[in-house]
1. Rank the residues Ser165, Ser25, Ser63 as a footprinting-exposure proxy: fewest other Cβ atoms within 10 Å of their Cβ go first.
2. So for Trp52, Trp217, fewest C-beta neighbours within 10 Å to most, what's the order?
3. Enter the mean projected area of the convex hull around the alpha-carbon atoms of region 2-228, in nm², rounded to one decimal.
4. By count of other Cβ within 10 Å, fewest leading, how are Leu202, Leu39 ordered?
5. Taking Cα pairs under 8 Å and at least six residues apart, what relative contact order does region 129-217 come out at, in percent?
6. Restricting to DSSP loop positions (anything but H, G, I, E, B) with no more than 14 other Cβ atoms inside 10 Å of their own Cβ, which chymotrypsin sites (Phe, Trp or Tyr not before Pro) remain in region 86-178?
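What follows draws every value from the coordinates through simple rules; no lab data is involved. Source: prediction; values computed, not measured. Backbone-built Cβ (ideal geometry, glycine too); neighbour counts: all protein chains shown.
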Amino acid sequence: MKKILLAAALILTMAAGQASAFQLSGGYDQPVTLVVNGLTTTAPTDSGVSTWGIFSISSIINSNSFDNQWNATTTDKLYGAIWGLSDINDSNVNNIQMTGGKFAIFETNASVWNAIATSPLAINGDPQAALIGLFGSSPVLTGVFAPDIIAGTVPGTTMVAKSDSVYTPATGNGLAYLDVTGTGTQNWMFENSNKQKGGSDLYFQYVFNSLPEGSDWGAAIYPGSVSGTVVPEPGTMALLGFGMLGLAIFGKRRMNKEA
């Protein structure tokens, strides 16, 4: 049951803006929701077990208008991973609290789901290394699970998973807050936006459905949401700065002329 409860449905909702990666229709100044499907499981570590999972993003919708702003195609796909989540309270299998955790999203034109799922690196709990091996070393978005924000949890908690049963089949849900950090090429979209609770960048809600006993995976991931607020694109900020500078110069010249 532990493996089942550790299954986190990672469904990222982003308020997005990408210049060099995938493109969104309808602009980059509103929150969006990434629709995700995936699988999660556990891997052994020196101190016990660690939860990890892989996911694919099928579409991105505008969170306000619900219009589609991006869809996966045969030539443009987004895959991602979560890893490094460890249990804090093993005793309560209906309400597991976890600590640690990282995430990364990569863009590719290849269909590599099975290659990720069967990678020895991923099976040993490092799906990011598997993704880097397949796609290269440049994820579009990276970050960590933020600690000590979820109410009613022990210190250090970054994610909670609540199940409706201690037996399979079981369904459940949970939440986490995420901070955009690291080396993602499009991290500027959310990094330091600090719009979520506790100054985090993204709010992550998830649901899961356990898989039968004996499966290599703990649970199947179903669509959920992670909300965020995009920060201005660096190039846009530069243009805005030049525009303000031009207004200041014009204003000064006008004042001098009137004087």
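1. On the way: Ser165 15, Ser25 11, Ser63 18.
Fewest to most other Cβ atoms nearby, the residues stand as Ser25, Ser165, Ser63.
2. Numbers: Trp52 27, Trp217 20.
Ranked by crowding around the Cβ, least crowded first: Trp217, Trp52.
3. Details: hull surface 46.7 nm².
That works out to 11.7 nm².
4. Lowest to highest Cβ neighbour count: Leu39, Leu202.
5. Working: 159 pairs, mean separation 24.9, N = 89.
Taking the mean separation of contacting Cα pairs over the length of region 129-217, I get 28 percent.
6. On the way: sites: Phe103, Phe106, Trp113, Phe135, Phe145, Tyr167, Tyr177; in loops: Tyr167.
Passing sites in region 86-178 are Tyr167.
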